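The values are calculated or read from the model by the stated rules, or taken from the named source; none is laboratory data. Every value quoted in this text rests on a predicted model; they were computed, and no experiment measured them. Positions of Cβ are generated from backbone atoms using ideal geometry, with glycine treated the same way; all protein chains shown enter the neighbour counts.
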Amino acid sequence: MAKYHRPIRRTQAISPFGVGAIVDFPSESLMVAGLDAWKFSDESSLVPNDDRLASRLGVDGFQLPPQPPDRGVPGEFLPLVRFPRWHQCPRCKGVKPVPWNSPGPPKCDMPIKTLGGKPPCASLTERRRWRMVPLRFVVACEGGHIEDFPWPHWAHAKRGTDLGSAPLCDGPQLRLKTTGRAGLEGVLVECVTCGAKRSLVGASSPDGVPGHRCGGCRPWLGPNANVKNCGENPRLVQRGGSNTYFAQTSSSILIPPFSDAIRKIIDRKRVWGALSSGVNSDGNPDQIRVETIADQFNLDSVRLYEAVKLKLSGASLSSPEQSETEFRYAEYEVLSHGESREDSELVLRSRSASEYGAPVSDYFDRVITVEKLAETRALTGFSRISPPSASESLTDGMKKLAIRPKRWLPAVRVYGEGLFFTLRRDLVSEWAKHPAVVSRSQKMTDNASRVANERGTAPRDLAPAFFLLHALAHVLIRELSFSCGYGAASVRERIYCGTPEDPTKMLGILIYTAAGDAEGTLGGLTRQGRPGTLEGLVANALLSARWCASDPVCVESMGQGTDGLNCAACHACCLLPETSCEEGNRLLDRVMLIGSPSDGDAGFFSPWLERVVTSV
């Protein structure tokens, strides 16, 4: 694997350019190599520990993506491999494969005459030869495998025959050209040697490339890492298409005791090694060692002793068997109570909804301004063709990242600010009983179950409150992008909702900005949570949601968007940039907020909206 000097930030190496992703640079396309090839120079590559998330994922810890050397500072390059391997010459239109570890884009040396009758590239001097560019078509399967399109076999095989059994001529020389016709019919691959040719018509079938079976190729893990007997029908995709790679990430908000400043000290490998090696027979830390380290770092020895004792006991940790709902409940408890320390990585300011005017005072329970938060984002896998399912096994995703199982995962620590809201339990419980609400939520749950069954994953059982919280988060983020100066792509959501058996156990939304290149933000988001400001923000968001440029088609829809998993939600009213939504812009319905002409009772905020509209 060669070392390439290319601009990829550390946060981008988690998403969207994680392991197995194709990165399009100005003159070439490369793929991020697997974790087996990642190298780290020193301990500075360690992510500050997030024991709760590490325990949830079943790993020992996290590593920052490699950082290139800079101005004498040691470092390592993020390893990349060359993919797609098939390249085309812009001059003669000839195509050929290049080595997976080629140090740079090759120059054409093919003996094919140009379409204009000029001399072939092979007759030119090295200086005058054209640099080849990667082809835009590849094939991938839902198992995560990806490979070059079978250009030679496609050109020589007859329609309806198996590509693998198609006989090739001696020394095939391929050329890819466009004929001017629309779509794939205008893309023609021909063999100059024998004259065989064929357009790409039919190659993009939803059932896969006709006559081709997946070879289980995993180029990000090297040339000898193919999986035998994949058996799936791979589909034709464009190398830069959105369905070529979906990063699967897991994140957590750092909460006490993990967010306390004192944890930064004891989470250091050397410090923790000294503290953990001096445990007494009763399992408690050695008092003398604790006091020595407390003096060294100017810490309170009593607090340090309690923190070490808590870490030794493993309290407050999660487990791989814990559901995502249970994992988030610990965060919800901390956020909803609004208690924090000034020296913590989580700084909260709590307010009662009674301090605000309508509609906040009518429907919200508490408003928490999160003046500082720290989030750990870890790459746990990826998928192709279809986004990863929320019910997909974490273990299955991690198997795609490396040949040999690792006890660590790539991750980044990002800092930011945010707003946290909780809704009134009594109002949500009463609203969820309306027949219109039950009917619409059941429709979206059925659609999600259908998609899960088609992909062979476990269906999710979602409470009506989830659709309410999700739609509310989206309209608020859209409104915030106009009022606080942050772009919508810079703001993220985190939904806290209980299970259908106990839907009101959690009823919260965290809207936050977490920038990977800065130690926090400028406070523009938290200012929106002040009394006298938040009311207008919520009111404008709800009033804007009443109308969509695609109405009445949008508001009457019972299945639109990706896989038909949205109801009344489209780009004109609810959808956000992909980086902002946890669900990939799915499972949305603004009717849950504002109702509709046919389902007025389905809107949680409909009574307030009726009063406002009537008074105007």
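Structure summary
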item	result
Enumerated strands (runs of 3 or more DSSP E) restricted to the stretch 149-204, each holding at least 3 residues that are surrounded by 12 or more Cβ atoms within 10 Å (Cβ to Cβ) and in contact with an Asp or Glu (Cβ under 9 Å, 6 or more places away or on another chain)	174-178, 197-199
Breaking point among (1) in contact with a Ser or Thr (Cβ under 8 Å, 6 or more places away or on another chain); (2) buried (at least 23 other Cβ atoms within 10 Å of the Cβ), for M444	(1)
Unique match (being within 24 Å of H474 (Cβ to Cβ) and either surrounded by fewer than 18 Cβ atoms within 10 Å (Cβ to Cβ) or in contact with a His (Cβ under 9 Å, 6 or more places away or on another chain) (or both)) among S429, S389	S429
Members of the stretch 128-148 found to be in a strand (DSSP E or B) and among the charged types (D, E, K, R), listed by number	R131, E147, D148
Flag for V19 being at pLDDT 90 or above, β-branched (V, I, T) and in contact with a Lys or Arg (Cβ under 9 Å, 6 or more places away or on another chain)	yes
Complete set of residues in the stretch 31-46 that are at pLDDT below 70 and in contact with a strand residue (DSSP E or B) (Cβ under 6 Å, 6 or more places away or on another chain)	S45
Matching residues, the stretch 208-261, being part of a strand (DSSP E or B) and of a type in the set (D, E, K, R)	R235
Within the stretch 359-377, considering residues that are part of a strand (DSSP E or B) and within 15 Å of G536 (Cβ to Cβ), the one farthest from the chain's Cα centre (by Cα)	F364
Residue selected from the stretch 557-616 under the condition assigned to a helix (DSSP H, G or I) and hydroxyl-bearing (S, T, Y), by the criterion nearest to N447 (Cα to Cα)	T562
Candidates R71, R85, filtered to the one that is at pLDDT 90 or above and over 22 Å from the mean Cα position of the chain (by Cα)	R85
Failed condition for S354, given (1) modelled with pLDDT of 70 or more; (2) over 30 Å from P503 (Cβ atoms); (3) in contact with a helix residue (DSSP H, G or I) (Cβ under 9 Å, 6 or more places away or on another chain); (4) in a helix (DSSP H, G or I)	(2)
Which listed residue, of G536, G532, is surrounded by fewer than 19 Cβ atoms within 10 Å (Cβ to Cβ) and outside any loop (DSSP other than H, G, I, E, B)	G536
Yes/no for G381 being of a type outside the set (K, R), on the phi > 0 side of the Ramachandran plot, not in a loop (DSSP other than H, G, I, E, B) and not assigned by TED's automatic domain parsing to the domain that holds R303	yes
Qualifying position, being closer than 30 Å to S481 by Cβ and in contact with a strand residue (DSSP E or B) (Cβ under 7 Å, 6 or more places away or on another chain), among A448, A463	A463
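Here's the yes/no breakdown for (1) among the acidic types (D, E); (2) modelled with pLDDT of 90 or more; (3) in contact with a Ser or Thr (Cβ under 7 Å, 6 or more places away or on another chain); (4) surrounded by fewer than 21 Cβ atoms within 10 Å (Cβ to Cβ):
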position	(1), (2), (3), (4)
G94	no, yes, no, no
P97	no, yes, no, yes
N101	no, no, no, yes
C108	no, yes, no, no
T114	no, no, no, yes
K118	no, no, no, yes
E126	yes, no, no, yes
